[in-house]
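Here is the structure we will look at, set down as C-alpha cells.
Just so it is clear, none of the values below were taken in a lab; they were calculated from the coordinates. It should be emphasised that the depicted structure is a prediction, and the values quoted were computed from it without experimental measurement. Cβ coordinates were reconstructed from backbone atoms using ideal geometry, including for glycine residues, and neighbour counts include every protein chain displayed.
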Amino acid sequence: MSDSMKNILIIDDDMHIGNMLEEALRKENYGVRRAYSGTEALLVLSGEKPDLVLLDLMLPGLSGEELLPKIKGIPVIVVSARADISHKVELLLGGAVDYVTKPFSMKELLARIAVHLRGAAPVVSELVYDDITLNTDTHVAAVGGTEVKLTRTEYAILKLLLQNPSQVIAKSVILERISEDTPDCTDSSLKMHISNLRRKLREAGGKDYIEAVWGIGFKMRAN
C-alpha cells in the first residue's frame with residue numbers, strides 16, 4: 001500500500017452492505033479494513049489509524065453509539081438506517097463528521113468521503129486558556145503545569161467552558177451539553193460542581209478563572 005493511499009475502516013456486521021462498500025471503495029483506490037463488531041473495531045484501531053471510519057450503529061456487543069466516543073482523531077461517517085433528526089443531531093454533536101441514512105446512494109457517499117478526507121483537520125486534543133491546559137484524550141487538567149485532579153463532572157464543565165471561553169454559557173445549556181459525559185449532574189448539583197471546580201483551579205493558580213454571570217450562567221474570566 002502506498003503512503004498516499006487513504007485507508008478506510010468499515011465497521012458493519014451486515015456482510016452484504018460491507019462487501020458492497022468495500023468493492024466501491026477499492027474501485028476508488030482506497031485501502032479498506034473491515035470490522036464486524038464494536039469490540040473488533042477497537043482491536044483494529046488499537047493497532048492502526050485509518051484516515052476515515054464508516055460506522056454502522058446496530059453492532060453486536062458494543063453499539064455504534066458506544067463506540068463513537070472511543071474513536072479519537074479520525075473522521076467518522078455514521079451509516080445507519082435510523083433517520084430521526086434528533087438522533088442524527090446527537091451523534092453529530094457527539095463527534096461524527098457526517099450521517100448518511102440507509103439505503104444510500106453510493107455516489108453520494110463516495111462524494112462525502114472525498115470531501116471529509118480532503119478537508120480533514122487535525123483534532124485538537126489540548127484546550128488552552130490563560131495558564132490552564134486540558135487534554136481531551138487523557139482528561140488531565142493542569143494549571144501552570146501543575147496537575148489538577150477533576151471529577152468526571154468537573155472535567156465536562158471545564159471542557160465546555162474552555163471550548164467557548166468568551167461566551168456566557170447558560171446553566172441549562174451546561175446541563176444539556178455535559179449530559180453525554182456525565183449524566184449524573186442535575187440542576188441542583190450543578191452549582192456545587194462548579195464551586196468545587198473554581199476552588200480547585202484557584203488553589204492551583206492563585207486566582208479565579210471562572211466567572212459567574214448571575215442569573216444567566218458562567219464563563220471563563222478574561223485574562
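Assorted remarks:
- Given the choices [x] 58, 45, 34; [y] 58, 45, 31; [z] 59, 37, 29, Cα extents along the principal axes in Å derived from the coordinates of this structure is entry [z].
- Dipole in debye (nearest 20) - the range 126-220, about Cα centre, beta carbon charges: Lys, Arg +1; Asp, Glu -1: 320 debye
- Beta bridges from DSSP with both residues in the chain: antiparallel share about 50 percent, rounded to the nearest 5.
- Farthest toward the positive end of the dipole of the chain, out of L92, V44, V173, is the Cα of V173, where the dipole comes from beta carbon charges about the Cα centre.
- Centre separation in Å (Cα based) which lies between the range 184-211 and the range 5-62: 41 Å
- Shape analysis of the range 126-220 places it in the prolate category; the axes a ≥ b ≥ c from the Cα gyration tensor give an a/c of at least 1.5, with a/b above b/c.
- Cross-link reach list, aspartates and glutamates versus K88, counting only Cα pairs under 15 Å and skipping chain neighbours closer than eight places: D56, E65, E66, D98, E180
- Remark: the range 111-116, residue by residue, has Karplus-estimated 3J(HN,Hα) of 5, 5, 4, 4, 5, 6 Hz, where x stands for each Gly or Pro and the curve is 6.51 cos²θ - 1.76 cosθ + 1.60 at θ = phi - 60°.
- Whether the range 45-95 is rounded, prolate or oblate, judged on the alpha carbon gyration tensor where a/c under 1.5 counts as rounded: prolate
- Cα gyration tensor category, rounded, prolate or oblate, for the range 79-121 with a/c compared to 1.5: oblate
- Residue order for T138, T182, T39, fewest other beta carbons within 10 angstrom first, comes to T138, T39, T182.
- With 27 Å as the limit on Cα-Cα distance, the pairs of K102/K159; K6/K70; K27/K70 that go past it are K102/K159; K27/K70.
- Rounded to the nearest 20 debye, dipole of the chain from Cβ charges on Lys, Arg, Asp, Glu: 560 debye
- For the chain, the 222 nm mean residue ellipticity estimated from helices alone, with every DSSP H stretch of n ≥ 4 adding -39500 (n - 2.57) and the total spread over all residues, rounds to -12000 deg cm²/dmol.
- Counting other Cβ atoms within 10 Å as a rough exposure proxy, the listed residues D12, D98 run D98, D12 from fewest neighbours to most.
- Each Lys or Arg adds one and each Asp or Glu subtracts one; over the other residues with Cβ under 15 Å from the Cβ of Y36, this totals -4.
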